Amino acid sequence: QALYNKGLTKSRGGFAERFNRFLANFRTVDEDFFDDLEETLIGSDVGFDMVIRISDELREEVKLKNAKRKEDVSDVIIKKLVDIYEEEGSGEDNQMHFAPTGQPTIIMFVGVNGVGKTTTIGKLASQYQKAGKRVLLAAADTFRAGATKQLQEWGAIAQVPVVAGKDKSDPASVVFEAVKRARDEAYDVLFIDTAGRLQNNFNLMQELEKMKRVVQREIPDAPHEVLLVLDATTGQNAIQQAKLFKDSTDVTGIVLTKMDGTAKGGIVFAIRSEMHLPVKWIGFGEKATDLRVFKPEEFVYGLFK
Ligand code: GDP
């Protein structure tokens, strides 16, 4: 909780500050109250559909509980946000999927350039390594100059090996080498970094599909996760990217990065209601420790503390 609060200062500042200002002006729960509330939520990037839903359900709840005091109303709002977030999901949620014992877990990271894929892999590699897992990394972004080197730097920090190819080599061949090595040398997890150039969606999606086929040829039930990395500071752009990737690959979850750099933590709700994909991790800084499993309840309470 403390870490959450520290890392999310800006999100909390923005979302909760707006909200607290709104509550400071509290007089009675009337139509103006709901208008102001809707405006506050929209301003935090919660997403229009979600705002209407929260507002409608709050009306019911406030009536039901006969909430009149400021504290009652804010409790109802916090609880409602958590409930709605959880209902939009499919139940099991932010849990990571792992391979059966004796097999390496293969996790692919997808997303456009600059969202934080490589950084997230570095953080996760470091955390899993510390937790006693044997981790292997694959530098399958052979397109962006410097991407391999950046992953190797993270490999050095996390003290885990990196499988890399030559510049502009076929990413699928890097993936092939890495999966083979992960299996033959009994690694616990393999994280695959992929390219994210947006200039040519079609080629990118084809490339991702090809990588997946290569993985599956070696290990039929893999990849066990395809995590889409999104930059929280990009607001509606992040939603557009999510739609694009979700339509072309089997995304299993979201990593939301740069939560330390945004006052719009409400994007978590927009992604949830529009994508129906679980947010599994959130990133809130550039250090190896600045990544946490996303827990809706902790997150919502964190916003208002
Ligand atoms: P990629 O192109 O998707 O692999 O993105 P990178 O991992 O190279 O990250 C792009 C930039 O975002 C780098 O400067 C990272 O240090 C930075 N970054 C990544 N995640 C976070 C985060 O959670 N918070 C902040 N503040 N910066 C981040």
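Taken together, the values in this text are just the output of simple stated rules run on the coordinates, not laboratory data. Just so it is clear, the structure is predicted and the values come from calculations on it, not from any experiment. Positions of Cβ are generated from backbone atoms using ideal geometry, with glycine treated the same way; all protein chains shown enter the neighbour counts.
A crude spin-label estimate for the pair Ala131 and Asn66, with each label 7 Å from Cα along the Cβ direction, gives 4.8 nm.
The mean sequence separation of alpha-carbon pairs under 8 Å and at least six residues apart, normalised by the residue count of segment 90-247, gives a relative contact order of 34 percent. FRET efficiency for the Lys79 to Glu286 pair, using the beta carbon distance and R₀ = 30 Å, is estimated at 0.35.
Expressed as a rounded percentage, what relative contact order does the chain have, with Cα pairs under 8 Å and six or more residues apart? Reported relative contact order: 28 percent. Here Phe191, Phe48 are placed in order of increasing Cβ neighbour count within 10 Å, fewest first, which gives Phe48, Phe191.
Normalised by the residues of segment 40-136, what does the relative contact order come to in percent, with Cα pairs under 8 Å and at least six apart? So the answer I get is 13 percent.
Ranking of Asp35, Asp193, Asp290 by neighbouring Cβ atoms within 10 Å, starting from the fewest: Asp35, Asp290, Asp193. Using the Cβ-Cβ distance between Ile52 and Asp250 with R0 set to 35 Å, the FRET efficiency works out to roughly 0.70.
Give the longest segment of the chain that steers clear of GluC sites (Glu not before Pro) in DSSP loops with at most 11 neighbouring Cβ atoms within 10 Å, not counting the sites themselves. Looking at the chain, 186-305 is the longest stretch - no exposed GluC sites (Glu not before Pro) with at most 11 other Cβ atoms within 10 Å.
Among beta bridges identified by DSSP and lying wholly in the chain, the antiparallel ones come to about 10 percent.
Listed by chain and number, the lysines whose C-alpha is less than 25 Å from the C-alpha of Lys70, apart from same-chain residues fewer than 8 away, are Lys10, Lys79, Lys80, Lys264, Lys305. The aspartates and glutamates whose alpha-carbon is closer than 15 Å to the alpha-carbon of Lys149, local same-chain residues fewer than 8 away aside, are Asp141, Asp167, Asp193.
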